[in-house]
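In what follows, a structure is listed as structure tokens, so that the remarks can point back to it.
Only the coordinates and a few stated rules stand behind these numbers; no lab work does. This is a predicted model, so every value here is computed, not measured. Here the Cβ is made from the backbone with ideal geometry for all residues, glycine too, and neighbour counts use every protein chain on show.
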Amino acid sequence: MPIKNRIADMAPDIQGWRRDLHEHPELRFEEHRTSAFVADRLREFGCDEVVSGVGQTGVVAVIRGNQPGERVIGFRADMDALPIHEASGVDYASRTPGVMHACGHDGHTAMLLGAARYLAETRNFSGSVVLIFQPAEEGSGGARAMLEDGLFERWGIQEVYGMHNWPGLPPGQFAVRDGAQMAASDFFEIIVRGRGGHAARPHLAVDTTLAASAIVMAVQSIASRNIDPLKTMVLSIGGLRSDTDTYNVIPDTVTLKGTARYLDPEVQTMLIDRLTAIAETTAAAYGAVAEVNYSKRVGPTINDPVAAARAAAVAKSVSGDVIRDMDPVMPGEDFSDMLAQRPGAYLFIGNGDSADLHHPAYVFNDEIIAVGASWYAEMAEQR
């Protein structure tokens with residue numbers, strides 16, 4: 001079937017909602033205006049239930065079909081923006097300096113609102129659809145906060161689906177794979193302590209910068225020598241900071257910050273053990289001491305094969321264009337927390353030739369609004 005005609009008719013309204021949200025971005029767990037905007041629209045549509053404040057600033061709505069049935073499926077859209085100064089040049093750019101929707105969450109929210117309006121009007125399905133508007137996807141555990149607030153239990157959700165725009169794929173093309181779609185994303189900090197001193201007399205100090213630099217190089221051996229070559233992992237040091245900022249001082253302390261990403265959950269335990277051992281022993285070789293603080297953030301986003309097949313079939317019916325063998329990607333996504341508790345799938349929808357996600361010049365492609373909203377609507381009617 002083509003894009004749903006009723007949703008195509010709504011596209012200007014959905015675009016208007018999207019651009020309003022884009023002009024008023026809010027960071028993680030600060031989405032108060034956004035949540036109110038979403039809840040107001042859902043009540044206007046006539047949803048059977050609208051609840052705000054789930055997982056702090058999340059919104060949940062229920063639409064019941066007009067056919068007999070007990071199945072309950074959830075659709076999730078993320079709402080938060082990023083601490084980035086916008087450089088897109090669009091006339092509806094962010095009005096909040098240093099904050100912008102650089103990942104398209106405004107588009108995700110608008111597409112799910114469009115589907116909500118259609119489903120509330122038609123109700124041509126059995127069972128119930130639960131609409132999940134999630135805060136704080138960008139690194140602060142918004143999915144976990146909603147789950148801890150009883151999201152699945154309170155609304156009896158049996159399956160859950162989500163969607164993300166993807167620059168580089170043609171507009172409206174879908175991609176969904178079985179198994180890992182996106183990687184885990186963990187953070188770590190390595191604190192290297194030694195003895196500060198004058199740069200001209202390093203023999204009287206314990207050089208933490210030298211020890212930290214050696215650690216940066218040494219931990220790269222984890223991916224090349226400790227991980228099964230058939231598995232994928234990337235470990236990156238993103239920052240090095242000392243307790244001094246001058247030319248001629250050896251600092252007492254240097255802190256490294258980094259991220260580890262992998263597709264197989266079993267990698268994590270070995271990774272933590274090796275990262276700790278290498279950091280501690282490398283520091284000791286230079287007379288310093290290293291402390292590793294490892295933060296388990298989000299696991300791999302792993303699609304249930306049956307759910308992924310359903311998602312792909314609906315994508316095919318809506319756009320006629322779906323990739324089933326796209327390679328997994330290494331960014332993380334906290335929708336993984338939801339898929340760890342319920343079967344479901346996460347899929348990409350092409351955003352075209354745009355700037356990349358998290359780039360200050362990124363722009364969500366409004367041409368894909370009706371396609372994405374139609375996917376949600378058709379998924380509800382088929383399931």
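Share of antiparallel DSSP beta bridges in the chain, in percent to the nearest 5?
Restricted to the chain, the bridges split so that about 65 percent are antiparallel.
List the lysines whose alpha-carbon lies under 29 Å from that of LYS316, not counting same-chain residues fewer than 8 positions away?
Those lysines meeting the cut-off are LYS4.
How far is it, in nm, from the label point at ASN293 to the one at LYS316 when both lie 7 Å from their Cα along the line to the Cβ?
5.0
Explain nothing, just the number: dipole magnitude of the chain about its Cα centre with +1 on each Lys and Arg Cβ and -1 on each Asp and Glu Cβ, in debye rounded to the nearest 20. Don't skip to the answer; put the middle values down first.
Numbers: 33 positive and 50 negative charges, 93 e Å.
My answer is approximately 440 debye.
In a shell of Cβ-Cβ distance under 11 Å around THR253, excluding THR253 itself, what net charge do Lys and Arg (+1) and Asp and Glu (-1) give?
0
Where does the chain land at 222 nm, in deg cm²/dmol rounded to the nearest 500, when only DSSP H runs of n ≥ 4 count, each adding -39500 (n - 2.57), divided by all residues?
-10500 deg cm²/dmol
P(r) of the chain in 10 Å steps, Cα pairs, percent per bin?
Percent of Cα pairs in each bin: 5, 22, 29, 21, 13, 7, 3, 0, 0.
Could you state the orientation-averaged shadow area of the convex hull built on the Cα atoms of the range 185-298, in nm² to one decimal?
On the way: hull surface 27.1 nm².
The directionally averaged projection comes out at 6.8 nm².
Taking a ≥ b ≥ c as the square roots of the Cα gyration tensor eigenvalues, with a/c under 1.5 meaning rounded and otherwise prolate when a/b beats b/c, else oblate, which class fits the range 123-181?
Oblate, since a/c reaches 1.5 and b/c is not below a/b.
Can you return the lysines within cross-link range of LYS257? Criterion is Cα-Cα under 28 Å, with same-chain partners fewer than 8 residues away left out.
LYS231, LYS296
Working from Cα positions, state the angle (0 to 90°, nearest 10) between the long axis of helix 32-45 and the longest principal axis of the chain.
In the chain, helix 32-45 runs at an angle near 20 degrees to the longest axis.
Please state the shape class of the range 4-160: rounded when a/c is under 1.5, otherwise prolate if a/b exceeds b/c and oblate if not, all from the C-alpha gyration tensor.
oblate
Two decimals is fine: what is log10 I(q)/I(0) at q = 0.10, 0.11, 0.13 Å⁻¹ for the range 107-261, from a Debye sum with one equal scatterer on every Cα and no solvent?
Debye output, listed in q order: -0.65, -0.73, -0.87.
Could you list the residues of the range 8-33 with an amide nitrogen less than 15 Å from a label point located 7 Å from the Cα of ALA355 in the Cα-to-C-beta direction?
Under cut-off, by backbone N: 23.
Considering amide H positions built from the backbone, and no H for Pro or chain starts, which residues 5 or more places from GLY197, or on another chain, come under 5 Å of its amide H?
Distant-sequence amide H within range of GLY197: ILE250.
Taking the highest mean first, how do the peptides 224-237, 285-298, 176-189, 110-123 order by number of other beta carbon atoms within 10 angstrom per residue? Could the numbers behind the result be given before it?
On the way: 224-237: 13.8, 285-298: 16.9, 176-189: 21.2, 110-123: 24.1.
Highest-to-lowest ranking by the protection proxy: 110-123, 176-189, 285-298, 224-237.
So who's got an amide H within less than 5 Å of the one on MET79, skipping anything under 5 residues away but keeping other chains? H placed 1.01 Å off N, in plane.
GLN134, ALA136, GLU137
Given the peptides 198-207, 32-41, arrange them by the average over their residues of other C-beta atoms within 10 Å, most packed first.
Sorting 198-207, 32-41 by mean packing, highest first, produces 32-41, 198-207.
Using the Cα centre as the reference, give the magnitude of the dipole from point charges on the C-beta atoms of the range 185-298 (Lys, Arg: +1; Asp, Glu: -1; all else neutral), rounded to the nearest 20 debye.
Values: 11 positive and 12 negative charges, 25 e Å.
For this selection, approximately 120 debye.
Compute the length gained on full extension between GLU70 and ARG324: take 0.36 nm times their separation in residues and subtract their Cα-Cα distance, giving the result in nm to one decimal.
Length gained, GLU70 through ARG324: 88.5 nm.
How far is helix 369-382 tilted, in degrees, relative to the longest principal axis of the Cα atoms in the chain, given as a value from 0 to 90 rounded to the nearest 10?
Once rounded, one gets 70 degrees.
Is the shape of the range 81-160 rounded, prolate or oblate, going by the alpha carbon gyration tensor and its root eigenvalues a ≥ b ≥ c, with a/c under 1.5 for rounded and a/b larger than b/c for prolate? Show your work: numbers first, answer last.
Numbers: a/c = 4.21, a/b = 1.55, b/c = 2.71.
It is oblate, given that a/c is not under 1.5 and a/b is not larger than b/c.
Using Cα centres only, tell me the gap between the range 68-83 and the range 273-337 in whole Å.
21
For the Cα atoms of the chain, what angle does the longest principal axis make with the long axis of helix 208-218, in degrees from 0 to 90, nearest 10?
60
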